[in-house]
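Visitor: Got a structure here, written out as structure tokens. Questions coming.
The values are calculated or read from the model by the stated rules, or taken from the named source; none is laboratory data. It should be emphasised that the depicted structure is a prediction, and the values quoted were computed from it without experimental measurement. We place every Cβ from the backbone using ideal geometry, glycine too, and count neighbours over all the protein chains shown.
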Amino acid sequence: MAITRRDFLKLSALSTAVLMTAELGLDSSKAYAQAQKYRIKTAKKTPTLCPFCSAGCGMLAYTDTKTGELLYVVGDPDHPVNRGGACSKGASIYQIRNIAPGNPNPKRLTKPLYRAPGSREFKEVTWDWAIAEIAKRIKETRDKTFIKSEEGIPVMRTDQIACLGGAALDNEETYLLQKLMRGLGVVYIEHQARL
Amino acid sequence: MTNHWIDLKNTDCALIIGANPFENHPVSAKWLMEAKVKRGAKIISVDPRFTRTSSKADLYAPLRAGTDIAFIGGMINYILENELYDHEYVANYTNASFLVHDDYKFEDGLFSGYDPKERKYDFSTWDYKKNEKGEIAKDPTLKNPRTVFQLLKQHYSRYTIDKVCEITGTPKEIYLEVIKTFAQTSQKGKSGTIMYAMGGTQHSCGSQIVRSYAILQLLLGNMGVPGGGVNALRGESNVQGSTDFGLLNNNITGYINTPIAQLEHKDLKAYLESETPKTGFWNNKPKFFVSYLKAMYFDKATKDNEFGYQWFPKRHAKKNYTYIGLFENLAKGELEGMLLFGQNPIVGGPNSNREREALKNLKWMVAVDLWMTETMRFWTEDAGSNPAEVQTEVFVLPAAASFEKQGSIASSGRWIQWRWKAVEPLGQSKADLDIIHLLALELKKLYAQSQKPEDEPIKNLYWNYGNTNECDIDRVAREINGIDLTTGKQVENFLQLADDGSTLCGNWIYSGFYPEAGNLAQRREQDDPSGLGLYPKWTYAWPLNRRILYNRASADPTGKPWHPDKAVIWWDETQKKWVGHDVPDFKAIIGPDDPAFVNPFIMQTDGKGWLFAPQGKLKDGPFPEHYEPWESPVQNLLSSVQNNPIIKVWRPEEQSDVQNYPYVAITYRVSEHWQAGAMTRNLPWQVELVPEMFVEIGEELAQELGVKSGDEVIVENKRGAIKVKAYVTKRMKPLMVNGIKRHQVGLPWHFGFQGLVTGETANKLTPYLGDANTMIPEYKGFLVNVRRAK
């Protein structure tokens, strides 16, 4: 049985199985059987999708089931569009989390921050504080600037709050964002699609 | 995309214009190469620059940025004059035979109905001619001089090969070869695809540029067939979804207009009356809109209160709420607060210096992202600000990465695909979903005791996703699909939606992705029975899992495929329905006895593809017309109207003149970086590949300027100046435009002052000037000067 590209990539993910194929000839069924013995037993693979362009290429995120840590991210051989391939950006998804095993990318934001008026810096705050304060700001601005009606027509909006973003959000997130904003009467709703 | 990514393998000719897919959508190369190898497909690349895509193309045609309507127009003219179009397709499936209003005319760059004072058109003459019974008058022979067909020919007769090449700067022999090669796709059994991206849309005439593609494809019979279509290559992993879900001031979900504070929308009845066409599939709009209102307010929305219509915000009729309008109004101090979910205006622009100044007027800003962006630090010295003078409160919330949460995204091919969570969010970062959820719960708490009528909308907002910190995403997905409130079950798809309040649905075009059977966006079946690359059971494509839109047009007026090699669906006389490889984009039971049998374009009121776009659907003309970009080095050679006559010019004083700023500039992307840069300039591997900002200039211009690769130069215009390294290449050559040599320069726009590597921001140079219909900024085709830095 000739080896397909998909099978080859799947075998490659089973590391040493690649060596096996050379020994056993390009018969993937035999290689698979051998590879079972060498499979990384504690790696779990989770299907995800590349967050970059709109091709929607499939990716597989491998994690260590013992520690939960991300081991690497590669193209998904089962995905019909990219069949395991990835461009340089897709191939770097791993670094969005770790720049090396056990080494999270220090540029990632990991705590809520606040910058006061006129200040030269951010300070760390808690989520509870941030959410409470943000909600207060939204309410204060909304209440102060809310327009109930114009020329006898109910308009129920505020023209002083804007919401920008975002083309990298999930569908469910975009849905809830427009829902919440419209529930508040925000009409300045825009994002990358108009750019 | 009307088609989708894998479908590219079915094409015989790809016309890639205003896009560089081998750079920015690399997987497209996989499928185009397969088309090349397996079916001898030709690849044509039309671009101001010789790009990575051009390097693999069979034909490369240079063009001056902003002259795409002329380029496509010349192709249309040649095809019409030499009768290379698909006669049967055009006669039967387009509005070619329709007669046009007696008073419609076009003269010297202007259509009938122009008001020079208001700078807008009255559309009443842009319509069909009706007979005494009110029916559209037609001439099936297409010979009547007032048919759409003859008017189209007349309109494009000015786009001669010579004139077009003078405008675009394309060498004549190359231009003719492009036309002749692409025109071959009108033959039965052949199909051609047009692939475009921001190079086609980021212009003051961007909408009409895309219209041109549609006209060309209709003439060649390329709509609705495998390897055909008009295919937008979108820029972000879920910009398709974010657009589908109405994160735009003028749309709610599913491309339905947001209500405006005007009499026509004063109540639900008036709104539905004015927004619902009498014919075509959009006649179902009330079902979708009412179901949306039910999703907004659930059981608080009833027949007695217009389903909560009066709680929904109505925007002011005269205010401009688009992105540029927003920043202009912010610059005037008209906004207090801004939330940003993964957006970075300081780098994304346009006119970044102005945007930075405008942001200082905010009282508060909430920015959600994975990284510290330039916008989050707009108040710093790095940004060019004085922190002591900026009173804006800035809240920064850390967001989880794509693989640290689950949810669905929609690719450019309309495939709604689920992705699962692989690891917990890093540190205290949270999924945007949970952040929005927490804000909603907190706000509802704050408003819970209010008795004020203006607080009804937020109190009554239906938010049923659990009361913990984690939003129940399954409930969100189910709501988006839609629920039959009489049974509590998921609707099968949008055909079950009703306008009587018995159904709710978050987004009608997605309805069908999560029926009772389960979340179809999670499907991973490998079968492709037709071999066309449709993969009907891999995830779910909207609408209704149709993979090729307008696929009715792949069959002739008798219901038989035009050609077996391009078959998608066909009429089955025994079963009395449409069957085939794809879900019919057509009511399956409409048979040969029904006049609608030959109306493949079901979203249009008349069911035909529009060569002539009636009723001001595009506000600057029923036909595309070439006008020069706002900042242009030359006079318009086609008419005495220099620029699009209805564009809004926000800052006329910022118009850069050709005497001081002689070079045409474009912004572009590189494969190794992404958009405003935060997602790639913080990754060591990507930074290693492209570490620096540059301006790309051609060898001839470099010699004129006395500059070599690596030298520092200033790129400047009326809006700003940036100091960057020159990158001298063979890829940008000057063009002969009406006898004069004109240079073009290119700027990647990914850089800013944050990240592992930093660089100057190209968008300091781009204008506050947008498309006549959409307001998308004219990022391509503006003027700059380039000079040595020393």
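Visitor: Would you confirm whether or not segment B:540-561 contains a residue that is touching a strand residue (DSSP E or B) at 6+ places or on another chain (Cβ under 9 Å), more than 30 Å from B:Lys303 (Cβ to Cβ), among the hydroxyl-bearing types (Ser, Thr, Tyr) and part of a loop (DSSP other than H, G, I, E, B)?
Guide: Yes, because at least one residue in segment B:540-561 is touching a strand residue (DSSP E or B) at 6+ places or on another chain (Cβ under 9 Å), more than 30 Å from B:Lys303 (Cβ to Cβ), among the hydroxyl-bearing types (Ser, Thr, Tyr) and part of a loop (DSSP other than H, G, I, E, B).
Visitor: Just for segment B:635-666: of the residues that are of a type in the set (Val, Ile, Thr) and surrounded by 24 or more Cβ atoms within 10 Å (Cβ to Cβ), which one is farthest from the other protein chains (Cβ to nearest Cβ)?
Guide: At the first step, the residues of segment B:635-666 found to be of a type in the set (Val, Ile, Thr) are B:641, B:646-647, B:649, B:658, B:664, B:666.
Those still in the list that are surrounded by 24 or more Cβ atoms within 10 Å (Cβ to Cβ) too: B:664, B:666.
On the way: B:Val664: 20, B:Ile666: 15 Å.
Residue satisfying both the conditions and the ranking: B:Val664.
Visitor: Conditions first: (1) on the phi > 0 side of the Ramachandran plot; (2) surrounded by 22 or more Cβ atoms within 10 Å (Cβ to Cβ). B:Cys471 passes all but one, so which condition is the exception?
Guide: (1)
Visitor: Would a scan of segment B:419-432 turn up a residue that is crowded, with 22+ Cβ neighbours inside 10 Å, facing chain A (nearest Cβ under 7 Å) and assigned to a strand (DSSP E or B)?
Guide: Checking segment B:419-432: at least one residue is crowded, with 22+ Cβ neighbours inside 10 Å, facing chain A (nearest Cβ under 7 Å) and assigned to a strand (DSSP E or B).
Visitor: Being more than 7 Å from chain B (Cβ to nearest Cβ), exposed (fewer than 14 other Cβ atoms within 10 Å of the Cβ) and part of a loop (DSSP other than H, G, I, E, B) is the filter here, so list the residues in segment A:97-135 that pass it.
Guide: Those that are more than 7 Å from chain B (Cβ to nearest Cβ), exposed (fewer than 14 other Cβ atoms within 10 Å of the Cβ) and part of a loop (DSSP other than H, G, I, E, B): A:Pro101, A:Gly102, A:Pro106, A:Glu121, A:Thr126.
Visitor: Taking segment B:656-673 as the region of interest, how many residues are assigned to a strand (DSSP E or B) and within 18 Å of the chain's Cα centre (by Cα)?
Guide: Qualifying residue count for the region: 2.
Visitor: Among A:Cys53, A:Cys57, A:Cys87, which is the only one that is at the interface with another protein chain (Cβ under 7 Å from one of its Cβ atoms) and touching a Pro at 6+ places or on another chain (Cβ under 6 Å)?
Guide: Numbers: A:Cys53 fails: touching a Pro at 6+ places or on another chain (Cβ under 6 Å); A:Cys57 fails: touching a Pro at 6+ places or on another chain (Cβ under 6 Å).
Only one candidate passes the filter, namely A:Cys87.
Visitor: Return yes or no: is A:Thr158 more than 7 Å from every other protein chain (Cβ to nearest Cβ), touching a Phe, Trp or Tyr at 6+ places or on another chain (Cβ under 8 Å) and either modelled with pLDDT of 95 or more or buried (at least 24 other Cβ atoms within 10 Å of the Cβ) (or both)? Steps first, please.
Guide: On the way: more than 7 Å from every other protein chain (Cβ to nearest Cβ): yes; touching a Phe, Trp or Tyr at 6+ places or on another chain (Cβ under 8 Å): yes; either modelled with pLDDT of 95 or more or buried (at least 24 other Cβ atoms within 10 Å of the Cβ) (or both): yes.
Answer is yes for this residue.
Visitor: Testing A:Gly68 on (1) within 8 Å of chain B (Cβ to nearest Cβ); (2) within 16 Å of the chain's Cα centre (by Cα), one condition comes back false. Which one is that?
Guide: Failing condition for A:Gly68: (2).
Visitor: Checking B:Asn599 against (1) touching a helix residue (DSSP H, G or I) at 6+ places or on another chain (Cβ under 7 Å); (2) modelled with pLDDT of 95 or more: exactly one of these is not met. Which one?
Guide: (1)
Visitor: If you scan segment B:521-532, which residues turn out to be surrounded by 19 or more Cβ atoms within 10 Å (Cβ to Cβ) and in contact with a Ser or Thr (Cβ under 7 Å, 6 or more places away or on another chain)?
Guide: Residue satisfying the conditions is B:Ala521 alone.
Visitor: In this structure, does A:Pro47 turn out to be modelled with pLDDT of 95 or more, under 21 Å from A:Thr4 (Cβ atoms), facing chain B (nearest Cβ under 7 Å) and outside any helix (DSSP H, G or I)?
Guide: yes
Visitor: So is A:Ser92 of a type outside the set (Val, Ile, Thr), buried (at least 22 other Cβ atoms within 10 Å of the Cβ), without any contact (Cβ under 8 Å) to a residue 12 or more places away in the chain and outside the structural domain of A:Ala167 (by TED's automatic domain parsing) or not?
Guide: Working: of a type outside the set (Val, Ile, Thr): yes; buried (at least 22 other Cβ atoms within 10 Å of the Cβ): yes; without any contact (Cβ under 8 Å) to a residue 12 or more places away in the chain: yes; outside the structural domain of A:Ala167 (by TED's automatic domain parsing): yes.
Yes; evaluated as a whole, the condition is true for this residue.
Visitor: Taking helices (runs of 4 or more DSSP H) that do not extend beyond segment B:157-226, which have at least 1 residues that are closer than 22 Å to B:Tyr89 by Cα? Let's see the steps before the verdict.
Guide: Details: elements: B:161-168, B:172-183, B:198-201, B:206-219.
Helices (runs of 4 or more DSSP H) meeting the threshold: B:172-183, B:206-219.
Visitor: Being crowded, with 24+ Cβ neighbours inside 10 Å and away from chain A (no Cβ under 12 Å) is the requirement here; does B:Lys294 meet it?
Guide: Numbers: crowded, with 24+ Cβ neighbours inside 10 Å: yes; away from chain A (no Cβ under 12 Å): yes.
It is true that B:Lys294 is crowded, with 24+ Cβ neighbours inside 10 Å and away from chain A (no Cβ under 12 Å).
Listed here are the residues, each with its yes/no results for (1) over 24 Å from A:Leu176 (Cα atoms); (2) free of Cβ contacts under 8 Å to residues at least 12 places away in the same chain; (3) assigned by TED's automatic domain parsing to the domain that holds B:Ala401.
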position	(1), (2), (3)
B:Ser274	yes, yes, no
B:Thr279	yes, no, no
B:Phe341	no, no, yes
B:Asn361	yes, no, yes
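Visitor: Just for segment B:588-610: of the residues that are aliphatic (A, V, I, L, M) and more than 15 Å from B:Tyr93 (Cβ to Cβ), which one is surrounded by the fewest Cβ atoms within 10 Å (Cβ to Cβ)?
Guide: First pass over segment B:588-610, keeping only residues aliphatic (A, V, I, L, M): B:588-590, B:596, B:598, B:602-603.
Now drop any that are not more than 15 Å from B:Tyr93 (Cβ to Cβ), which leaves B:588-589.
Values: B:Ala588: 15, B:Ile589: 11.
Filtering first and then ranking leaves B:Ile589.
Visitor: Under 6 Å between Cβ atoms, at least 6 apart or on separate chains: pull out the pairs that start in segment B:119-139 with a residue that is within 16 Å of B:Leu611 (Cβ to Cβ) and outside the structural domain of B:Gln150 (by TED's automatic domain parsing) and end on any residue that is assigned to a loop (DSSP other than H, G, I, E, B) and at pLDDT below 95.
Guide: That search, which allows pairs on different chains as well, returns nothing.
Visitor: Here is a check on your reading of the model: is B:Leu268 surrounded by 20 or more Cβ atoms within 10 Å (Cβ to Cβ) and within 12 Å of another protein chain (Cβ to nearest Cβ)? Spell out how you get there, then give the answer.
Guide: Working: surrounded by 20 or more Cβ atoms within 10 Å (Cβ to Cβ): yes; within 12 Å of another protein chain (Cβ to nearest Cβ): yes.
Criteria met by B:Leu268.
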